[in-house]
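Inspection log for the structure reproduced underneath, given as structure tokens.
No lab work stands behind these numbers, since they all come straight from the coordinates. If you're wondering where the values come from, they're calculated on a predicted model, not measured in any experiment. In this analysis, Cβ positions are derived from the backbone assuming ideal geometry, glycine residues included, and neighbour counts consider all displayed protein chains.
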Amino acid sequence: MPKRSAYQDRVIRNYYQNQDAIMRQRLGELVTDLYLAEGKARQRIWARVKGAMEKLRVPPDRIQHILQSDNPTLVANLLTELLDKA
């Protein structure tokens with residue numbers, strides 16, 4: 001595998017430095033998708049929401065509560081809290 005260029009190193013470093021902001025934005029997009037989805041698509045979106053919350057280091061018990069409730073409003077409230085902290 002060839003060495004990465006300085007530009008590629010910067011891109012990779014910036015991604016990891018901004019990963020929380022990227023995940024918050026992704027979670028916001030997923031909340032919108034949850035409100036619009038039905039059936040199996042909704043289940044797949046919930047799985048992606050779970051992954052995003054884990055990457056944002058949300059406590060596992062809270063993730064479990066949100067997933068069991070199947071309520072996108074709780075995800076939106078969590079997102080508001082995360083944005084207020086940032």
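Relative contact order of the chain, taken over Cα pairs closer than 8 Å and 6 or more residues apart, is 33 percent.
Charge dipole (Cα centre; +1 on Lys/Arg Cβ, -1 on Asp/Glu Cβ; no other charges) of the chain amounts to roughly 480 debye. Dividing the summed -39500 (n - 2.57) terms of all DSSP H runs of n ≥ 4 by the residue count of the chain sets its mean residue ellipticity at 222 nm at -26500 deg cm²/dmol. For the chain, the longest principal axis of the Cα atoms and the long axis of helix 72-85 meet at an angle of about 40 degrees. Distance between the pseudo-spin-label points of ILE12 and ASP84 (7 Å out from Cα toward the beta carbon): 3.8 nm.
With coordinates expressed along the principal axes, the C-alpha atoms belonging to the chain extend over 47, 30, 21 Å, beginning with the largest.
Give me log10 I(q)/I(0) at q = 0.14, 0.30, 0.34 Å⁻¹ for the range 22-64, Debye formula, one equal scatterer per alpha-carbon, no solvent. Per q value, in the given order, log10 I(q)/I(0) is -0.30, -1.05, -1.15. Projecting the Cα atoms of TYR16, ALA37, LEU82 onto the charge dipole of the chain, computed from C-beta unit charges around the Cα centre, puts TYR16 farthest toward the positive end. Most tightly packed first, judged by the mean number of other beta-carbon atoms within 10 Å of their residues, the peptides 59-66, 44-51 read 44-51, 59-66. Each Lys or Arg adds one and each Asp or Glu takes one away; over the other residues whose Cβ falls under 14 Å from the Cβ of GLN43, this sums to +2.
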